[in-house]
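Data first, discussion second: the structure below is written as structure tokens.
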Amino acid sequence: SQLAEENSWALSVHEGESVTVNCSYKTSITALQWYRQKSGKGPAQLILIRSNEREKRNGRLRATLDTSSQSSSLSITATRCEDTAVYFCATDAGYGSSGNKLIFGIGTLLSVKP
Amino acid sequence: EAAVTQSPRNKVAVTGGKVTLSCNQTNNHNNMYWYRQDTGHGLRLIHYSYGAGSTEKGDIPDGYKASRPSQENFSLILELATPSQTSVYFCASGDAAGVEQYFGPGTRLTVL
């Protein structure tokens with residue numbers, strides 16, 4: 001079955017540093033998404049990267065996708081305290097075949113300290 | 001701006017009781033989803049819907065029912081609540097392409 005999983009349970013950095021969260025998945029996909037969930041809130045999408053793309057940027061965020069190794073990374077530069085959150089990767093298997101369902105990883109807790 | 005709301009935000013129920021969690025979206029999205037989130041498991045899909053009148057089983061449907069009476073509303077029903085259903089429940093909506101999902105703020109359910 002399809003599985004998306006982040007490779008670290010928790011990461012801690014100081015403000016201004018850069019950090020990378022990694023994700024691996026097990027089956028072919030059409031797209032991979034990165035979500036962020038702040039404490040007490042629902043997840044919110046950060047970046048969507050399609051299987052024919054290798055890199056996508058959104059401000060201080062940069063996502064990469066390597067379909068040959070079935071892995072993705074999300075890098076955050078110049079981190080801020082408000083980046084503290086749980087970061088999830090989520091994959092789908094294409095429109096219709098899985099009912100437009102997403103498979104979420106367990107998440108990586110990123111703590112950004114002053 | 002996408003808007004998904006959930007009620008109640010917090011609920012304490014007794015074992016064996018009936019619990020209904022409600023979700024409303026103003027995005028006019030066809031698809032709606034119910035997840036539960038537990039430490040060590042991430043988000044797991046319980047039920048989802050393609051539109052009014054439709055419900056589909058997700059990955060962990062046992063002990064749950066769902067109802068989609070309209071485009072805007074999607075309910076999750078626990079007919080006989082058990083302590084193992086203590087969790088945080090999230091509702092989400094997505095368009096027909098199903099690419100991005102918009103989540104509500106969550107409902108914290110405690111079953112005693």
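Mind checking which of A:GLN70, A:THR30, A:SER8 is farthest towards the positive end of segment A:2-78's charge dipole, using Cβ charges of +1 (Lys, Arg) and -1 (Asp, Glu) about the Cα centre?
Toward the positive end, the furthest listed residue is A:THR30.
Work out the length of the dipole vector of chain B about its Cα centre, built from +1 on the beta-carbon of each Lys and Arg and -1 on the beta-carbon of each Asp and Glu, and round it to the nearest 20 debye. Provide the component values of the computation, followed by the final result.
Working: 9 positive and 9 negative charges, 81 e Å.
Roughly 380 debye, rounded to the nearest 20.
How do A:SER75, A:SER39 stack up against each other in accessible area, from largest to smallest, with a 1.4 angstrom probe? Don't skip to the end; give the middle numbers.
On the way: A:SER75 20, A:SER39 115 Å².
Largest to smallest exposure gives the sequence A:SER39, A:SER75.
So if I restrict to the alpha-carbon atoms in chain A, what is the Rg, and what is Dmax, the biggest pairwise distance, in Å?
Rg, Dmax (Cα atoms, Å): 13.6, 45.
Provide the solvent-accessible area of A:ARG50, counting protein heavy atoms only and rolling a 1.4 Å probe, rounded to the nearest 10 Å².
100
Using the Kirkwood formula over every pair of different C-alpha atoms, what hydrodynamic radius in Å results for segment B:4-107?
On the way: mean 1/r = 0.0740 Å⁻¹.
For segment B:4-107, the Kirkwood estimate is 13.5 Å.
From other protein chains only, count the Cβ atoms within 10 Å of every residue's Cβ in B:35-42, then give the mean.
That works out to 4 on average.
Over the alpha-carbon set of segment A:27-85, divide Rg by the Kirkwood Rh and report the Rg/Rh ratio to two decimals.
Working: Rg = 12.4 Å, Rh = 12.3 Å.
Across segment A:27-85, the Cα-based Rg/Rh ratio is 1.00.
Just how much of A:ILE29 is accessible, in Å², when a 1.4 Å probe is used and the result is rounded to the nearest 10?
Roughly 20 Å² of A:ILE29 is accessible to a 1.4 Å probe.
Binning at 5 angstrom from zero up to the longest distance, how are the C-alpha pair distances of the protein assembly as shown distributed in percent?
1, 7, 15, 18, 19, 16, 12, 7, 3, 1, 0
How far apart, in nm, are two points set 7 Å out from the Cα along the Cα-to-Cβ line at A:ARG50 and at B:SER67?
The answer from the label model is 4.0 nm.
Can you sort A:ARG54, A:ARG36 by solvent-accessible area, 1.4 Å probe, largest first?
Ranking A:ARG54, A:ARG36 by accessible area, largest first, yields A:ARG54, A:ARG36.
Treating only the Cβ of Lys, Arg, Asp and Glu as charged (+1, +1, -1, -1), what charge dipole size does segment A:4-113 show about its Cα centre? Round to the nearest 20 debye.
Values: 13 positive and 10 negative charges, 47 e Å.
For segment A:4-113, the charge dipole is close to 220 debye.
How far apart, in nanometres, would the label points at A:SER24 and A:LYS113 be if each is projected 7 angstrom from Cα along the Cα-to-Cβ direction?
Output for this residue pair reads 2.9 nm.
How do B:LEU80, B:LEU45 stack up against each other in accessible area, from largest to smallest, with a 1.4 angstrom probe? Before the final figure, lay out each step's value.
On the way: B:LEU80 120, B:LEU45 5 Å².
I get B:LEU80, B:LEU45, largest accessible area first.
For chain B, with a Gaussian network of springs between Cα atoms less than 10 Å apart, report the residue from B:GLY40, B:GLY58, B:GLY16 with the top mean-square fluctuation.
Highest fluctuation among the options: B:GLY40.
With every protein chain left in place, what is the accessible area of B:GLU79 in Å² (1.4 Å probe, nearest 10)?
My reading of the accessible area for B:GLU79 is about 80 Å².
Using 7 Å Cα-to-Cβ label points, what is the B:VAL12/A:ARG80 separation (nm, one decimal)?
Placing both labels 7 Å beyond Cα along the Cβ direction yields 3.8 nm.
Could you tell me the number of lysine pairs in the protein assembly as shown with C-alpha atoms less than 20 Å from each other, where the two lysines are 8 or more residues apart or belong to different chains?
Lysine pairs satisfying the spacing and distance rule in the protein assembly as shown number 9.
The values are calculated or read from the model by the stated rules, or taken from the named source; none is laboratory data. Only a predicted model underlies this, so the values are computations on that prediction, with no experimental measurement involved. Backbone-built Cβ (ideal geometry, glycine too); neighbour counts: all protein chains shown. Side chains are part of the model used for accessible areas, which takes the heavy atoms of the whole protein and leaves out ligands, DNA and RNA. Shrake-Rupley method; radii C 1.70, N 1.55, O 1.52, S 1.80 Å.
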